[in-house]
Amino acid sequence: MSILTGDDVAAADLPDWRQLLQALHARFRTGDFATGLALVNRIGALAEAANHHPDVDLRYSLVDVRLQSHDAGGITSRDLALAREISAAAAALDVAAAPAEVQTLEVALDSKNRAGVRPFWLAVLGGSAEASRDEEVVDPTGAVPSLWFQGTDSEEPDRQRFHLDIVVPHDVAQERVAQAVAAGGRLVTDEFAPSFYVLADAEGNQVCVCTWQDRD
């Protein structure tokens, strides 16, 4: 089954869901634990019927859902179909989605020798060869943020080596950047927007606000 592009996903018109990197994410504001549990049970039944199983996080007042076709390494038509069914199940419980609230975090390490340092970080983070890609180390359970290795030619001894990549819905990225600047940060560059914006805090520590756009 082929992986869908970001444009394919956008054209599918899933208002409850947002693409973050290679997965679909949704947040449902259940308001209480019992309603959340009822929604999770319905999601479980739908997943079993489809033989396609999302990651589900149940909290007191919300349920987060992540959909990805792991065998394909991205979003496929199976994910779109199950996303629609999950949205219908939430609507039947009178549960609203909060698509602007979804986000995911990865840690980036600037390195001139990505192949040389990756095995070390794979071991430290308790991973396996199957749980990594050429440019990152991924926790298949999703409990630990991915560690992504970004190439660099910098020789500066005091350069910032680690930075965070916060991945947000494409339709809230500019607002997030504006909020960060208003909070005392600065925009280092938007040269790579809308894929990512580079920001820095008052001490120069950098972070990237990222979207799925221009990453296909």
Whole-number percent relative contact order across the chain, with pairs defined as alpha carbons under 8 Å at least 6 apart: 19
Whole-number accessible area per residue in Å² for segment 59-216, which is evaluated in the context of all protein chains at 1.4 Å: 55
Degrees separating the helix 77-92 axis from the principal Cα axis of the chain, which is the longest one: 60
Cβ-derived FRET efficiency at R0 25 Å, residue 84 paired with residue 105, nearest 0.05: 0.40
Accessible carbon and sulfur surface of the chain relative to its total accessible area, %, 1.4 Å: 51
Hull volume in cubic angstrom per residue (convex hull over the Cα atoms of segment 162-207): 66
Sum of -39500 (n - 2.57) over DSSP H runs of 4+, divided by residues of the chain (222 nm, nearest 500): -9000 deg cm²/dmol
Hz values of 3J(HN,Hα) by residue in segment 155-162 - Karplus curve (6.51, -1.76, 1.60), Gly and Pro given as x: 10, 4, x, 9, 5, 6, 8, 9
Charge tally in the Cβ shell below 13 Å around residue 197, where Lys, Arg are +1 and Asp, Glu are -1, residue 197 excluded: -3
Longest DSSP-loop-exposure-free segment, GluC sites (Glu not before Pro), the chain, at most 10 other Cβ within 10 Å: 1-154
Residue-count net charge about residue 84 - beta-carbon cut-off 14 Å; Lys, Arg +1, Asp, Glu -1: -2
Top of 49, 193, 83 by mean-square fluctuation, Gaussian network on the chain, Cα under 10 Å: 49
Rounded to 10°, Cα long-axis angle of helix 173-182 versus longest principal axis of the chain: 50
Peptide ranges 182-188, 74-80, 121-127, 25-31 listed from the most packed, as the mean C-beta count within 10 angstrom indicates: 25-31, 74-80, 121-127, 182-188
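The values are calculated or read from the model by the stated rules, or taken from the named source; none is laboratory data. As the structure is a computational prediction, the values presented were derived from the model and not from experiment. A quick note on method: Cβ atoms are made from the backbone with ideal geometry, for glycine too, and the neighbour counts reach across all protein chains shown. Calculation scope for accessible area: heavy atoms of the full protein, side chains included, ligands and nucleic acids excluded. Shrake-Rupley method; radii C 1.70, N 1.55, O 1.52, S 1.80 Å.
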